[in-house]
Each structure stands twice: as C-alpha cells, then as structure tokens.
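Notes follow the structure.
The values are calculated or read from the model by the stated rules, or taken from the named source; none is laboratory data. What you see is a predicted model, and the numbers here were worked out from it, not measured in a lab. Positions of Cβ are backbone-derived with ideal geometry, glycine not excepted, and every protein chain shown enters the neighbour counts. SASA here: full protein model, heavy atoms, side chains in, ligands and nucleic acids out. Shrake-Rupley method; radii C 1.70, N 1.55, O 1.52, S 1.80 Å.
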Amino acid sequence: MSTSEDSSSSSTVPAGDLERLLIGAADLARAGLEDFTELASPSSDEDPPPMTGPTAESTALLNRTFTDKPPREVRTSFATADSSILVDEGVSERTAGAAAAWMADMRQVYAQCPAWTVSAGDQEIPLQVVDPADDPSKPLEVEQRFGDEALMRTMLAGSPGQQARIATLLVRDGDRVLELTFRSLETEPGSTAATQLHTAMGKFLDLAPAKFLGRPVN
C-alpha cells in the first residue's frame, strides 16, 4: 500500500473515462455472477437524508461527510432476480488531495459514531456499525488487499428482527475512489441466504477493485 496521501491517480485510464472503471454485464458473466442483472444507473444528484449522531459534533461530521459530493462520479447497480442482494458501485474523482481527506473523514465517522439515526420522512431509522472483529466479512483483512488505502464496514439498519445489512468497501487510488456497497436483509449465520451473500460478496470484492485498479482478477 502506498504511503503517499497526495499522489495523483496511478490508473492508466484517461481522466475522462471513469465509466471504463466500472464493472458491467460481461464482467459479471466471466466472474460467475450470472445471477445478477445490471440495473439502470442510480442518480448521484440527490442528497442523503439528515443524520443524527451521538453528539452535536458527530452529527455535523456525519452530514458533512455524506453530503460531500465529488465533482465527477459515475455509478451502476446490480441485483439478483429476487432482489435479495443489491450491489451499488460508484467511481469518483476529486481534486488533488481531496480523496485522501474524504477517506480520513469516513474513518472518523466510524470511529466516532458506532450508531446513528437517519431521518427518512416521518421515520427515524437506527443504524449500527458492526464491530469489525464480529463481522463475518472480515473487513480488516479485505482492507489490506487494495489500493493506496481501503476502508470497509458493515452497518445494520432498522429494528432488530427486521434489519437490513449494508456493507461498504471504499478503495482510494490516488485521487479516485471506488465505492462498492452490498445491501441485503440480515441473515442467519450458516443459512443458505448467508452462504449466497458470502459467495457473491467474495466475487464482487475480487472483481470491482481489480478493474478499478487495473489488476488481474484473483
């Protein structure tokens, strides 16, 4: 992993071709992810709903970080036929040094906010960050595999018994950032659904960062 925080992007893809860093249907087929279909590209223009952290300072940090939009971004999404697993992918490019600063803010979010709430209309949705030591996705091991730096965390959203599982990997390569997010219902360990999720995540975690970084798929 690089120790430079302000290096320019190491990708050989020209700056105007961010779309080529996204995975597509052909990549899915080669990776054995035929169960997933590419969806219409999601919009990145909408602001996220307001968030409330455990303190006034953490609330300000949450809302500043999650509304900090890059000047250039492309996105795509994938889903299984039954929509039990949704995968969102985004590639963004920021001005020199800004990507490293945003990654630092995201690390601060997870350090200061083990839980927070999201205001969606008249609903207050609780989110809880899963301790990396208790996360079957082994995020700390995943982080060591990619880019100048990487950050992965899982959150549980909603009330116990009806929680959604949201796992996000961020990979920085110079001034570019890959965001890969998995959404599903929380599953029982050892269940068929848990096995399917684990298998799909493993393949996407090989595929998307490899294409973003210009490396062979493991």
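Remarks
- For residue 212, net neighbour charge (Lys/Arg +1, Asp/Glu -1) across residues whose Cβ lies under 11 Å away: +2
- Principal semi-axes of the equivalent ellipsoid, √(5λ) from the alpha carbon gyration tensor of segment 142-218, are 26, 15, 8 Å from largest down.
- Highest-first arrangement of 115-125, 190-200, where packing means the average Cβ count within 10 Å: 190-200, 115-125
- Stretching the chain fully between residue 96 and residue 188 yields a gain of 28.8 nm (0.36 nm per residue, less the alpha carbon separation).
- Virtual spin-label span in nm between residue 181 and residue 206, 7 Å along Cα→Cβ: 2.6
- Per residue, in Å², the accessible surface of segment 102-201 once ligands and nucleic acids are set aside, probe 1.4 Å: 47
- Carbon-plus-sulfur accessible fraction, segment 79-218 (probe radius 1.4 Å, protein heavy atoms only): 53%.
- Nitroxide proxy distance, nm - points 7 Å out along Cα→Cβ at residue 40 and residue 140: 4.3
- Only Lys, Arg (+1) and Asp, Glu (-1) charged, at Cβ; the chain dipole about Cα centre in debye: 360
- Calculated translational diffusion coefficient of the chain (10 °C, 1.306 mPa s; Stokes-Einstein with Kirkwood radius over alpha-carbon pairs) equals 88 µm²/s.
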